[in-house]
Every structure is written in C-alpha cells, then in structure tokens.
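Since every read-out is calculated from the coordinates, none of them should be taken as a lab result. Values in this document were obtained by computation on a predicted structure and should not be read as measured data. Ideal geometry is used to build each Cβ from the backbone, glycine not excepted, and the neighbour counts take in all protein chains shown.
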Amino acid sequence: MKIIIHESYEEMSVAAARVVAQTLNSKPNAVLGLATGSTPLSLYEELVRMHREEGLDFSQVTTFNLDEYVGLTRDHEQSYHYFMREHLFRHINISPTNIYIPSGTTDNYEAFCAWYERRIVECGGIDLQILGIGSDGHIAFNEPSSSLGSRTRIKTLAKITIEDNARFFEREADVPIYAITMGVGTILEARKIVLVANGKNKADAVAQAIEGPVTSMITASALQLHRDTEIYLDRAAAGNLKMIDYYDWIQAKGPAAPTTEHWRADEAHAQGTDAAAHAAREHSRETT
Ligand code: GLP
C-alpha cells in the first residue's frame with residue numbers, strides 16, 4: 001500500500017488524476033472503474049482539463065461505475081448516472097457505448113448484477129479503479145459487515161451513509177435506502193486501485209482502513225490485501241494516522257526500491273571491497 005499525503009485537496013486530486021492519465025497514456029483502451037461522491041469531483045475536473053488542454057484521449061476507454069441508488073432513474077439529479085454525465089462524461093470524448101453504470105431501475109436485479117460482473121470480465125477486467133471512502137469506512141456501498149468476497153448486489157444503506165448523503169437531497173427521507181453496488185471482491189480484482197480521501201471527517205475511517213485490522217466492519221481495510229493500491233490523502237484526512245511521519249519520510253525519500261543501476265553499483269562496490277580485502281590478507285600473509 002502506498003500512502004501519499006498532500007497539503008491540499010486540490011494537490012491531492014491533481015496527483016490522483018495523473019495516475020489516471022499515466023494509465024491511459026500507457027494503455028489507451030484501458031478499463032477504468034469510477035466512483036461518485038464529492039471527493040473525486042476535483043480529480044474529474046483535472047481529467048477534463050487534461051482532455052481539453054493536453055489532449056488526454058478517452059476515445060477507446062471503457063468505464064464501469066461502482067454503484068447506483070435503487071429507484072432513481074438515470075435523469076434524476078441525485079442519481080450517479082446524472083452525476084457522471086454532469087461531472088465527467090459530457091466533457092470528454094468517451095463513447096457512450098463504453099460507459100457502464102449499475103441500473104437503479106432494472107426489473108431483475110439478480111440478473112442485472114450477474115450481467116454486470118460478466119461484462120467487466122468480458123471487457124478485460126478493470127485496469128484502474130478509483131475509490132472514495134465513506135465515513136463508516138465503506139468503499140462503493142459496501143457497508144460494515146459486507147463480505148470481503150462480495151460481488152455486485154443490492155445493499156441496504158447504513159444510517160450514517162443516509163445521513164451523510166442527505167446533504168445532496170432536499171430531505172433525508174428522500175435518500176434511497178437501497179443501492180446496487182460492486183462487491184468488495186469485485187473491487188479487489190482491479191489491477192490497480194487509487195483511493196482518494198480528504199477532510200477531517202474521513203480521518204478516522206482512513207486510519208482504520210490503513211492501520212487497523214482487515215475487517216468487514218471497515219470494508220476499505222480489505223485494500224490491505226490488494227497488491228497495487230495507492231491512497232491519496234490531504235493533510236486533514238491523514239490526521240489520525242499513527243505512522244504519518246513514516247509515510248511523509250517515504251515520500252520525501254522518493255522511490256521505495258533502488259533502481260537496477262543502484263543494485264549494480266552496490267554489487268560492483270561489494271566485489272571491489274572483497275577483492276581489496278582479499279589482496280590485503282594475501283599481502284599480510286606474504287609479509288609475516
Ligand atoms: C457514497 C459512495 C461512495 C463514496 C462515498 C463518500 O457512499 N457510494 O463511493 O466514496 O459516498 O462520498 P463523499 O466523497 O461525498 O464523501
């Protein structure tokens with residue numbers, strides 16, 4: 001797990017957007033997993049800027065969104081379909097046929113969920129999954145006690161999630177109670193994962209996800225089992241991390257492992273030292 005802490009939300013978002021750009025530059029037909037919520041807004045803004053100003057190309061990209069509220073049509077202003085259209089899709093050159101978002105209005109959820117899982121596999125699997133985190137430590141809508149092996153399915157939202165998300169609706173009573181969401185198991189199959197979190201109200205969930213035990217009570221903690229996860233935080237969201245000095249230290253020191261050149265130089269140095277020591281031993285034997 002790589003923990004990258006930036007001083008501000010904006011810097012954090014730009015850094016995370018760069019990972020998306022690098023993925024697309026090395027694989028123009030990459031499959032992206034996308035998240036909603038207020039956290040990735042600035043990341044999406046940066047991707048739109050990169051598209052407009054630097055020609056970041058989405059023409060061959062396929063996307064799968066994590067989740068959707070059950071019962072909201074795609075034109076409902078609080079649906080995740082609407083969110084994605086408004087904040088990303090209508091500003092970039094992605095083909096509408098390459099966009100997948102769980103349906104909140106299908107008449108057969110079981111069949112839909114199975115199809116969604118199949119479609120991800122048929123498209124080659126998710127290369128890069130973007131995630132936010134709920135204040136109860138959830139990823140997508142995998143609320144506490146979700147199986148860490150779970151697949152796309154319907155989940156009942158936790159009270160705290162309904163309260164958190166009520167700010168987007170006119171009244172709390174308008175927040176849907178159910179959502180269709182990728183499972184933790186689905187998410188863990190992504191080749192690379194980038195989680196973004198900002199603000200003090202995420203500091204607890206972030207600390208538990210990174211430094212706590214792997215537990216279905218904080219589904220983001222399952223990311224500890226993933227081999228290529230990067231967590232981008234602003235200073236406030238990193239506020240409760242016990243090892244914060246260590247993460248800052250790693251960041252200041254640069255890449256985690258020496259390059260091949262370093263290894264070679266070290267090896268040559270070691271051999272040279274061995275040879276010198278051997279010569280010294282021989283010399284002392286001859287002279288005594
Ligand atoms: C919802 C979404 C999550 C998101 C979370 C946090 O529950 N299903 O994918 O990470 O909200 O949202 P925000 O970024 O607005 O805090």
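Considering only DSSP states other than H, G, I, E and B, which GluC sites (Glu not before Pro) in segment 80-189 qualify as loop sites with at most 10 other Cβ atoms within 10 Å?
Filter output for segment 80-189: GLU170.
Report the full-extension gain for the segment MET217 to ASP107: residue separation times 0.36 nm, less the Cα-Cα distance, to one decimal in nm.
Extending this stretch completely gives an extra 36.6 nm.
Find how much the distance from LYS242 to ILE177 grows on full extension, using 0.36 nm per residue of separation minus their present alpha carbon separation; answer in nm with one decimal.
Contour length minus Cα-Cα distance gives 19.9 nm.
Based on the Cβ-Cβ distance of ILE250 and THR73, what FRET efficiency does E = 1/(1 + (r/R0)^6) give at R0 = 45 Å, to the nearest 0.05?
0.45
Report the GluC sites (Glu not before Pro) located in segment 7-77 that are in a DSSP loop and have at most 16 other Cβ atoms inside 10 Å of their Cβ, or state none.
GLU7, GLU77
Compute, for segment 41-188, the length of the dipole vector about the Cα centre, with Cβ point charges of +1 (Lys, Arg) and -1 (Asp, Glu) only. Units Debye, rounded to 20.
Approximately 280 debye in magnitude.
Pick from THR97, THR36, THR229: which residue has the top mean-square fluctuation in a GNM of the chain where Cα pairs under 10 Å get a spring?
Per the Cα network of the chain with a 10 Å cutoff, THR97 tops the list.
Quick one: THR215, THR23, fewest Cβ neighbours within 10 Å first, how do they rank?
Ordered from fewest to most neighbouring Cβ atoms within 10 Å, THR215, THR23 come out as THR215, THR23.
So, in Å, what gap is there between the alpha-carbon centers of segment 65-88 and segment 169-203?
Using only Cα atoms to place each centre, the spacing works out to 13 Å.
For the chain, which span is the longest to avoid every loop-located (per DSSP) member of trypsin sites (Lys or Arg not before Pro) having at most 11 other Cβ atoms inside 10 Å?
That would be 1-170.
Which value, in nm² and rounded to one decimal, describes the direction-averaged projected area of the C-alpha convex hull of the chain?
Averaged projected area of the chain's Cα convex hull equals 19.5 nm².
Using only DSSP helix segments of four residues or longer, with each worth -39500 (n - 2.57), what per-residue ellipticity at 222 nm results for the chain after dividing by its residue count and rounding to 500?
Result for the chain: -12500 deg cm²/dmol, rounded to the nearest 500.
State, to one decimal in nm, how far the label point of ASN29 lies from the label point of GLU7, with both points 7 Å from Cα in the Cβ direction.
4.3
Please tell me the relative contact order of the chain in percent, rounded to the nearest whole number, where contacts are Cα pairs under 8 Å and at least six residues apart.
Once normalised by length, the contact order is 22 percent.
Can you figure out the FRET efficiency of LYS200 with ARG119, using R₀ = 45 Å and their beta-carbon distance, to the nearest 0.05?
Rounded to the nearest 0.05, the efficiency is 0.75.
Describe numerically, in nm with one decimal, the distance between label points set 7 Å from Cα along Cα→Cβ at ILE160 and at ASP57.
4.5
Mind checking which lysines have their C-alpha under 29 Å from LYS27, skipping anything on the same chain fewer than 8 residues away?
Here the lysines satisfying the reach criterion relative to LYS27 are LYS2, LYS192, LYS253.
Tell me which lysines have Cα within less than 24 Å of LYS159's Cα, excluding those fewer than 8 residues away on the same chain?
Straight-distance partners of LYS159: LYS200, LYS202.
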